[in-house]
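Everything below concerns the one structure shown next.
Derivation of every value follows stated rules applied to the coordinates shown; laboratory data play no part. Predicted, not measured: the structure shown is a model, and the values here were computed from it. Here Cβ is always computed from backbone atoms with ideal geometry, including for glycine, and neighbour counts include all displayed protein chains.
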Amino acid sequence: MARTTSDLAGRTVMVTGAARGVGAATARAVSARGARVALVGLEPERLDAIAAELPDAAWFEADVTSWDDLQVAAEGTVERFGGIDVVVANAGIARSGTVQDMPIEDFERIVEVNLLGVWRTIRTTLPHVVERRGYVIPIASIYTALHGPLSAPYAVAKAGVEALANVLRVEVAGQGVGVGVAYFSYLDTDLVRDVFADPEVAEIRRRAGWPLNVTSPVEPAVEALVRGIERRARTVAYPRWVHGLLAGRGLAQPLAEATRMKRIAAEVGRRRAQESPAPLRRA
């Protein structure tokens with residue numbers, strides 16, 4: 001049986017996507033609880049600056065789509081700290097576009113990073129987590145339950161992350177490993193701000209109404225995440241209404257499609273199709 005609680009003091013937590021946003025805030029929060037932190041990401045100057053703030057941290061420049069990069073990061077973490085107790089698979093990217101008009105490379109890159117990057121992170125670190133009877137939590141999204149327009153690759157990837165975690169949880173429970181999934185709505189991060197800079201995405205969101213038109217601060221979401229790590233929780237959700245969305249996911253999608261959001265999404269789809277009539281368009 002997996003432990004039901006975990007004091008983070010003295011434990012080693014690896015965080016991917018640690019240079020910004022949720023990843024950077026998580027690194028700082030677990031460090032404040034006494035954890036040793038391995039920061040993994042693509043921006044060495046930012047990773048170095050964050051690691052320098054923390055009492056016991058190391059950083060590794062790594063692309064989560066690279067097995068070699070992740071192997072170096074995992075081995076470096078074990079060499080520095082003696083093992084890995086917790087993995088927060090957070091790294092992700094996003095871009096808006098319809099299935100019909102998004103450049104092929106963009107669609108596949110989002111799935112590559114957000115889903116296969118999580119798979120590679122987990123697969124690479126899992127032997128070390130099993131050895132410590134530790135805990136793994138990938139970051140999913142409300143898009144696992146509600147699939148909004150202009151977000152197909154992101155929704156595909158996050159739904160896959162949830163499925164991956166659910167399967168893994170059953171497979172490793174007998175080895176004392178806990179597996180959770182974190183579901184967040186729109187947080188005030190660079191990623192979210194960049195996506196909503198697209199005026200069509202912003203308009204769809206505005207018409208969707210509350211709570212989908214609200215951006216939440218990062219800090220309370222990360223606080224919920226860290227509490228979940230300490231409890232080895234199956235589910236972490238923020239804001240609170242996300243719990244209701246997850247519980248009612250069978251109704252959420254049909255209701256969303258019945259709202260006026262559907263009309264503007266259809267308008268956007270037609271307009272973008274007219275602007276990009278070729279069957280396949282590469283960046």
Going through region 174-202 in order, the residues found to be surrounded by fewer than 19 Cβ atoms within 10 Å (Cβ to Cβ), among the small types (Gly, Ala, Ser) and over 16 Å from Thr125 (Cα atoms) are Gly174, Ala197, Ala202
Checked pairs for region 33-48, first assigned to a strand (DSSP E or B), second among the hydroxyl-bearing types (Ser, Thr, Tyr), C-beta under 6 Å and 6 or more apart or across chains, list as Arg36/Thr12; Val37/Ser31; Ala38/Thr77; Val40/Thr16
Based on what the data block shows, is Leu168 part of a helix (DSSP H, G or I), hydrophobic (A, V, I, L, M, F, W, C) and within 15 Å of the chain's Cα centre (by Cα)?
no
Every listed condition ((1) part of a helix (DSSP H, G or I); (2) in contact with a Leu (Cβ under 7 Å, 6 or more places away or on another chain)) holds for Trp59 save (1)
| query | Is there a residue being out of contact with any Gly (no Cβ under 9 Å at 6 or more places or on another chain), among the polar types (S, T, N, Q) and crowded, with 23+ Cβ neighbours inside 10 Å anywhere in region 113-122? | reply | yes
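Could we say that Gly97 is surrounded by fewer than 16 Cβ atoms within 10 Å (Cβ to Cβ) and on the phi > 0 side of the Ramachandran plot here?
Judged against the criteria, Gly97 is not a match.
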Just one listed residue, out of Arg206, Arg234, is surrounded by fewer than 16 Cβ atoms within 10 Å (Cβ to Cβ), within 16 Å of the chain's Cα centre (by Cα) and either within 23 Å of Ala62 (Cα to Cα) or not aromatic (Phe, Trp, Tyr) (or both), and it is Arg234
Scanning region 135-155 for residues that are free of Cβ contacts under 8 Å to residues at least 60 places away in the same chain and more than 19 Å from Phe107 (Cα to Cα), the one surrounded by the fewest Cβ atoms within 10 Å (Cβ to Cβ) turns out to be Val136
